[in-house]
Amino acid sequence: MSPTSTPAWQDLRRHAARLAEVHLSALFARDPARAQRFAAEACGLYLDYSKQRIDAGALGTLLHLAEQQDLAGWRRRLFAGEPVNHTEQRAALHMALRAPRGVSFVANGCEVSAAVHAVRDRMYAFAAAVRSGERRGARGARFEAVVNIGIGGSDFGPRMVCAALAPQIDGPRPWFVANVDGAELHDTLARLRPETTLFIVTSKTFSTQETLANAQRAREWLVAALGEAAVSKHFVAVSTHAARVAAFGIDPAHMFEFWDWVGGRYSVWSAVGLSIVLALGPERFDALLAGAHALDRHFVEAPAERNLPVLMGLLGIWNTHFLGCASQVVVPYAQRLELFCGWLQQLELESNGKGVNRAGLPVDHATTPVLWGSVGTNAQHAYFQMLHQGPAVHAVDFILPVEAGHPYPEMQRMLVANCLAQSAALMRGKTATEVRAELAAQGLAGEALDAAVPHRVFPGNRPSNTLLLPRLDAYHLGALLALYEHRTFVQSVIWDINPFDQWGVELGKQLAQQILDPARIEMMDASTKTLYQRIGAMNH
Ligand code: F6P
């Protein structure tokens, strides 16, 4: 049912009208325990949501909305492996990939955990052999580089995890090639030696144009240097599709399997994480899985009012629909989380960027807001001006690993201070009276003072979450990723949409094939044909 026809939705409108007149500073002034009251923690993650524009009444009604949209029922169906991805008749059981041995999951009626552990055992044995030097290249050299060739969910997750945990890499150096712009492959290969390079061709479908094109060129590069026989030693595949892997020329014996119940953007926990295991070792991959599993347990077991994904999902709903926030900004204060927003964009926008509900009817409300961001403090010098003083209000998630991942404690103190300062500034703002007093103290008076004031006023009252991690290690990273996965799910339930399909990416793929086909480009529209001809002319 549409959330807009629930009683809770109507109540939330009333709460929003009531709170529209109340500044966040006033909410803090009224309630000395606000920072403690609007905080929750799990798996080492601490969420401060006291800088959201809510009070107990609004939060209680958001929790009613979750009940009225049957969040508990959908969560049960998700974890039970029911075909929640109903347009493809598939379960979405990424939680099975991170459950410890002894915990059994069933997808669409079939037990899957034994197969999960069997594939992981093979991955770990393979990684151990590569990392120890037992398994070597065709010329007998140890593998020093691992190139993951994949795109979307077959790239973002492992690329981001390897960047986040880079200081702990103690195996072959991981590289990632995704773009069909051959510059990425070219620039990567230019820094590698064929005899020490292992390729992982990662594609759920093994039919993705970009991945096959990159893999083909990489294969040619290897064969040119080492001969055809080297392919079997230097190429492995990660896929659900053994026949296509074989057709590409990789022995399915060198394929690490995953399954149709693993969505691409939820697949980092599967064999898609092979590059992580090779670079960081099985123990760290285990820790990543353990953090995610702990968050799964929390999502299932914690009461809604202390449940991190539930709270974050509902606060997103509140900000988008009731406060009119223009977008969701995510700013990790951690250089090594530089790729986090890219991963999260696919997770959130490919999952919840939908215009019809589960029944296929057009939704009568917005779905996912634009999600964007980049690391602090760099972000402060790019778009924070807009966040503080632009007329549109954007909701911000600040993410801060507390412990420094480097030997410069003074710089970490500065990083922390900046993160806290930005959320405080967004919350409190600066009034005209404060600005006047400050300028007057600097000696400004009269018309000059009057003219200066409006430019220096900050409205404040701008919502944010702050999420603290003790440190950026595999366990807490796993928990962080699972938290956002489940937040995405919570919002999909409120919106009554299927977050596990992505039909919206198909049309562009079909048309790209049509443009590549001289017999069919004539059927394209006039603009596209003209551009194509102009490109042809510019090429000569
Ligand atoms: O972007 C569309 C998409 O289908 C994603 O969902 C997926 O992660 C990506 O392409 C790559 O797909 P594959 O792993 O099948 O190559």
Seminar exercise, completed: Turns out the strands (runs of 3 or more DSSP E) fully within the range 120-225 with at least 2 residues that are open to solvent by 20 Å² or more (accessible area, probe 1.4 Å) are 173-177
Problem set entry | Members of the range 276-309 found to be under 30 Å from residue 58 (Cα atoms) and more than 17 Å from the chain's Cα centre (by Cα), listed by number | 294, 297, 298, 299, 300, 301, 302, 303, 304, 305, 306, 307
For this session: Kindly list, by first and then second residue, each pair from a residue in the range 149-163 that is more than 10 Å from the ligand (Cβ to nearest atom) to a residue that is among the charged types (D, E, K, R), limited to pairs with Cβ atoms under 7 Å and residues at least 6 apart or on different chains.
Result: 163/336; 163/338
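Can you tell me which residue among 444, 507 is over 30 Å from residue 289 (Cβ atoms), within 16 Å of the ligand (Cβ to nearest atom) and open to solvent by 50 Å² or more (accessible area, probe 1.4 Å)?
Working: 444 fails: within 16 Å of the ligand (Cβ to nearest atom).
After applying the criteria, what remains is 507.
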Exercise. Could you list, in sequence order, the residues of the range 321-339 that are under 15 Å from the mean Cα position of the chain (by Cα) and over 18 Å from residue 401 (Cβ atoms)?
Worked result: 328, 329
Problem set entry | Close pairs (8 angstrom Cβ cut-off, 6 or more residues apart or separate chains): aromatic (Phe, Trp, Tyr) in the range 288-305, part of a loop (DSSP other than H, G, I, E, B) anywhere | 299/307
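Have a look at 254, 293 and point out the one that is closer than 16 Å to residue 122 by Cα and either open to solvent by 10 Å² or more (accessible area, probe 1.4 Å) or small (Gly, Ala, Ser) (or both). Steps first, answer last, please.
Working: 293 fails: closer than 16 Å to residue 122 by Cα.
Matching residue, one of 254, 293: 254.
Can we say residue 232 is under 24 Å from residue 120 (Cβ atoms) and without any contact (Cβ under 8 Å) to a residue 60 or more places away in the chain? Reasoning before the result, please.
Numbers: under 24 Å from residue 120 (Cβ atoms): yes; without any contact (Cβ under 8 Å) to a residue 60 or more places away in the chain: yes.
So residue 232 passes the test.
Restricting to the range 427-469, what's the tally of residues that are part of a loop (DSSP other than H, G, I, E, B) and touching a strand residue (DSSP E or B) at 6+ places or on another chain (Cβ under 8 Å)?
The first filter runs over the range 427-469 and keeps only residues part of a loop (DSSP other than H, G, I, E, B), leaving 429, 431, 442-445, 457, 459-463.
In the following step, the residues that additionally are touching a strand residue (DSSP E or B) at 6+ places or on another chain (Cβ under 8 Å) were identified as 429, 457, 460, 462-463.
The qualifying residues number 5.
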For this session: State whether the residues of the range 521-537 include one that is modelled with pLDDT of 95 or more, open to solvent by less than 40 Å² (accessible area, probe 1.4 Å), assigned to a helix (DSSP H, G or I) and aliphatic (A, V, I, L, M).
Result: no
Exercise. Of the residues that make up the range 268-283, is at least one part of a helix (DSSP H, G or I), of a type in the set (Phe, Trp, Tyr) and within 16 Å of the ligand (Cβ to nearest atom)?
Worked result: no
Exercise. What are the residues in the range 246-255 that are closer than 22 Å to residue 114 by Cβ and within 13 Å of the ligand (Cβ to nearest atom), if any?
Worked result: none
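Being away from the ligand (no atom under 16 Å from the Cβ), over 18 Å from residue 274 (Cβ atoms) and modelled with pLDDT of 95 or more narrows it down to one of 138, 127, so name that one. Spell out how you get there, then give the answer.
Details: 127 fails: over 18 Å from residue 274 (Cβ atoms).
Every option except 138 fails the conditions.
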Problem set entry | Residue list for the range 360-388, restricted to those being touching a residue at least 40 places away in the same chain (Cβ under 8 Å) and open to solvent by 60 Å² or more (accessible area, probe 1.4 Å) | 364, 370
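The values are calculated or read from the model by the stated rules, or taken from the named source; none is laboratory data. If you're wondering where the values come from, they're calculated on a predicted model, not measured in any experiment. Virtual Cβ from ideal backbone geometry, glycine too; neighbours counted across all protein chains shown. We work out accessible area using only protein heavy atoms, side chains counted, and drop any ligands, DNA or RNA first. Shrake-Rupley method; radii C 1.70, N 1.55, O 1.52, S 1.80 Å.
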